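The values are calculated or read from the model by the stated rules, or taken from the named source; none is laboratory data. If you're wondering where the values come from, they're calculated on a predicted model, not measured in any experiment. Positions of Cβ are generated from backbone atoms using ideal geometry, with glycine treated the same way; all protein chains shown enter the neighbour counts.
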Amino acid sequence: MSMYSKEIAQIALGKSKAPLVFKNAKVVQVFTNEIISADIAVCDGMIVGVGDYEGVREVDLNGKYVCPGFIDSHLHLESTLVNPAELILQAGLKGTTTFIVDPHEAANVSGTAGIDYILNETENSHANVYVMLPSCVPAGPFEDNGFSLGVSDMRTYTDNPRVLGLGEVMDCGAVISCDEDMLGKIDLFREKNIDGHAGYLSEKETDCYVLAGISTDHECCTFEDALREMRSGMQILIREGTAAKNLESIIKGVIEHKLPCHQLAFCTDDKHIEDIQSQGHISYNVRKAIELGLDPIESIKIATLYPAKKYGLKHLGAVAPGYQADLLVMNDLNCVDIEQVYYKGEKVVQSDNGERSVPKELLNTVNVKIEGIQELKLPMSSKKARVMQVVGGEILTKEIFENVTVEDGLFVADETYQKIAVFERHHATGKKGLGIVKGFSIKNGAIASTVGHDSHNLIVVGDNDDDMYKAVMALIECGGGYAVVRSGEEPKVLPLEIMGLISTKGHEDVKSTLKEMIELARQMGVPGDIDPFITLSFLALPVIPQLRVTTRGLYNVIEREFKPVSINED
């Protein structure tokens, strides 16, 4: 421990008072799976002893439980819609004290300026914020995003102590085919951590992927996916966010098969600020795992010790000497009832971040070329169509083939089969892709967003062209965001002026507006197990099975090729 000295030794031995002591705690011992009654001595933000201590300042915990601060192993701060520092604070109040962030949303829109924005905005947060450098900007060779990020761009970040490695490698095909550029990125971070994005690969493809040096994955949607990857040595980052909810399937499988948990960690990936405040952050994952029958201490270790070990964060993940004093004080262990949160021994409290300046290059990023409402017409040569089926509670889709309504050679949307369109929004190229989606169930309306993973083009879904066009134009006018239009009414808009991803407003304003818009979407027919905005945002990401729509048309992820909408059987 670099802070070790004679003075520290005297405190650890109990011969001198510690500057700060948390008295009368029930400490969750993650190394031995015990709960022990002890005091916690803290000096300069680090724990110097767990036992019987006296302090210059003492905080009596009256027998309450204390565990390490929680770690989110993978998230995109941009997906929370609010200023990164504000999100860190709100999630921190819910018990997450460490964030391992992949800023690939910002990088896809604004390149290194987007990455720098995330780093700068979180530099002085009352939390540990680390970055995994985006590996796939763009997500695939045919994607139309704002910027490309190559090996030379990444090299400038390799010495940054807050950069832990390479972010989710979602272009699995490039890894398996030994693409030179992709292997260059992997080689650059070979001595650090490399995150994956490969839940759908076969056993042999998974082994190949791991052989390249990739060692984590947050895209396992089923226990079978997780088990296959665990057998190859991967760490499974169990995702429970706003749209993608994979925790129940994986944890139930782990319990049923009596598997050890050291290859697991928790993450949120993409979670709205409203859900964080109403449900919790990583605390929600821990609570749900306990409710499913996992041992409470083991559930806590999945949120603390295991991810800390995986990412080489030797000073985090435990309540023990030499570890940072990131502490959660809980009234009830089983319910994960968090009363107080401490970062480096100081209590995390609600505060006002105040006005923040935004670099000019991150504003006015919506640049769409659209000639008129006729751009939304979808020609069909037959009634049988290739349809994207949305899966509730997931960000996966299925490719199905069904008969739809066709009049005068054009697809006619209805409550069952909706039209979906993606417009290139970075360079006004005029590129667009159209398709048919089932599962949104919108009646008399449309929903649009400039949050469209990962290229973040403008995506819109609806059952009529008038409302769809109105939603698109509303987002072009406000500089990006979310829009809902019902029956020709004035659009309800949540502006996301920063890169078309993040609001300049505070979290309360964002939460209030978003709540109204989600309720409006529900009134229009969007089912309860589909988040109208996050689910929509993933329908353009051509690295998650099975069918996606991009600016170049429908793409089958499994077959790795573009497909026509119409199916001609003659």
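Just so you know, in segment 245-296 the residues that are under 17 Å from the mean Cα position of the chain (by Cα) and of a type in the set (D, E, K, R) include one that is farthest from L227 (Cα to Cα), and it is E274. Of everything listed in (1) under 28 Å from G165 (Cβ atoms); (2) of a type outside the set (G, A, S); (3) not assigned by TED's automatic domain parsing to the domain that holds K245, the single unmet condition for Q340 is (1).
Taking into account only those residues within segment 391-436 that are assigned to a loop (DSSP other than H, G, I, E, B) and among the hydroxyl-bearing types (S, T, Y), which is nearest to K563 (Cα to Cα)? Spell out the reasoning first.
Restricting attention to segment 391-436, the residues satisfying the condition of being assigned to a loop (DSSP other than H, G, I, E, B) are 391-396, 404-405, 408-409, 412-416, 424-431.
Retained after the next criterion (residues that are among the hydroxyl-bearing types (S, T, Y)): 405, 416, 429.
Values: T405: 20, T416: 21, T429: 21 Å.
Taking the candidates together, the pick is T405.
M132: touching a His at 6+ places or on another chain (Cβ under 6 Å) and in contact (Cβ under 8 Å) with a residue 60 or more places away in the chain, yes or no? No, not satisfied.
The set of residues in segment 480-490 that are closer than 15 Å to M524 by Cβ and surrounded by 24 or more Cβ atoms within 10 Å (Cβ to Cβ) comprises Y482, A483, V484, V485. Of all the residues in segment 451-469, those that are in contact with a helix residue (DSSP H, G or I) (Cβ under 9 Å, 6 or more places away or on another chain) and surrounded by 24 or more Cβ atoms within 10 Å (Cβ to Cβ) number 12.
For every residue, the table says whether it meets (1) in contact (Cβ under 8 Å) with a residue 60 or more places away in the chain; (2) not hydroxyl-bearing (S, T, Y).
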residue: K15; (1), (2): no, yes
residue: I40; (1), (2): yes, yes
residue: S79; (1), (2): yes, no
residue: I88; (1), (2): no, yes
residue: A91; (1), (2): yes, yes
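Just to be sure, is V549 aliphatic (A, V, I, L, M) and touching a Pro at 6+ places or on another chain (Cβ under 7 Å)? Full working, then the answer.
Working: aliphatic (A, V, I, L, M): yes; touching a Pro at 6+ places or on another chain (Cβ under 7 Å): no.
Criteria not met by V549.
Filtered by the rule that a residue be touching a Ser or Thr at 6+ places or on another chain (Cβ under 9 Å) and either hydroxyl-bearing (S, T, Y) or under 20 Å from Y342 (Cβ atoms) (or both), segment 101-125 gives S110, T112, Y117.
Select, from I290, I282, the only residue that is without any contact (Cβ under 8 Å) to a residue 60 or more places away in the chain and either of a type outside the set (S, T, Y) or touching a helix residue (DSSP H, G or I) at 6+ places or on another chain (Cβ under 9 Å) (or both).
Numbers: I282 fails: without any contact (Cβ under 8 Å) to a residue 60 or more places away in the chain.
Residue meeting the stated conditions: I290.
Determine whether M46 is under 20 Å from A308 (Cβ atoms) and modelled with pLDDT under 95. No. State whether one or more residues within segment 376-388 are closer than 26 Å to N108 by Cβ and either touching a strand residue (DSSP E or B) at 6+ places or on another chain (Cβ under 9 Å) or of a type in the set (S, T, N, Q) (or both). There is at least one residue in segment 376-388 that is closer than 26 Å to N108 by Cβ and either touching a strand residue (DSSP E or B) at 6+ places or on another chain (Cβ under 9 Å) or of a type in the set (S, T, N, Q) (or both). All of (1) under 21 Å from R548 (Cα atoms); (2) under 20 Å from the mean Cα position of the chain (by Cα) hold for M499 with one exception: (1).
Candidates V493, V526, V549: the one that is over 19 Å from H272 (Cβ atoms) and either surrounded by 21 or more Cβ atoms within 10 Å (Cβ to Cβ) or of a type outside the set (S, T, Y) (or both) is V549. The residue that is nearest to F266 (Cα to Cα), among those in segment 199-218 that are in a loop (DSSP other than H, G, I, E, B) and modelled with pLDDT of 95 or more, is H218. Just one of the listed residues (I236, I273) is out of contact with any Phe, Trp or Tyr (no Cβ under 7 Å at 6 or more places or on another chain), modelled with pLDDT of 95 or more and either surrounded by fewer than 18 Cβ atoms within 10 Å (Cβ to Cβ) or assigned by TED's automatic domain parsing to the domain that holds F99 (or both), namely I236.
Note on segment 239-270: residues that are β-branched (V, I, T), surrounded by fewer than 24 Cβ atoms within 10 Å (Cβ to Cβ) and assigned to a helix (DSSP H, G or I) total 1.
Remark: K369 matches the filter, which requires a residue to be surrounded by fewer than 19 Cβ atoms within 10 Å (Cβ to Cβ), touching a residue at least 24 places away in the same chain (Cβ under 8 Å) and not assigned by TED's automatic domain parsing to the domain that holds N33.
Quick check on segment 187-198: of everything there that is surrounded by 18 or more Cβ atoms within 10 Å (Cβ to Cβ) and modelled with pLDDT of 95 or more, which residue is farthest from Q263 (Cα to Cα)? Spell out the reasoning first.
In the first step, residues of segment 187-198 are kept if they are surrounded by 18 or more Cβ atoms within 10 Å (Cβ to Cβ); the result is 188-189, 193-198.
Then keep just the ones that are modelled with pLDDT of 95 or more; that gives 188-189, 193-196.
Working: L188: 25, F189: 21, N193: 15, I194: 15, D195: 14, G196: 14 Å.
Of everything passing the filter in segment 187-198, L188 is farthest from Q263 (Cα to Cα).
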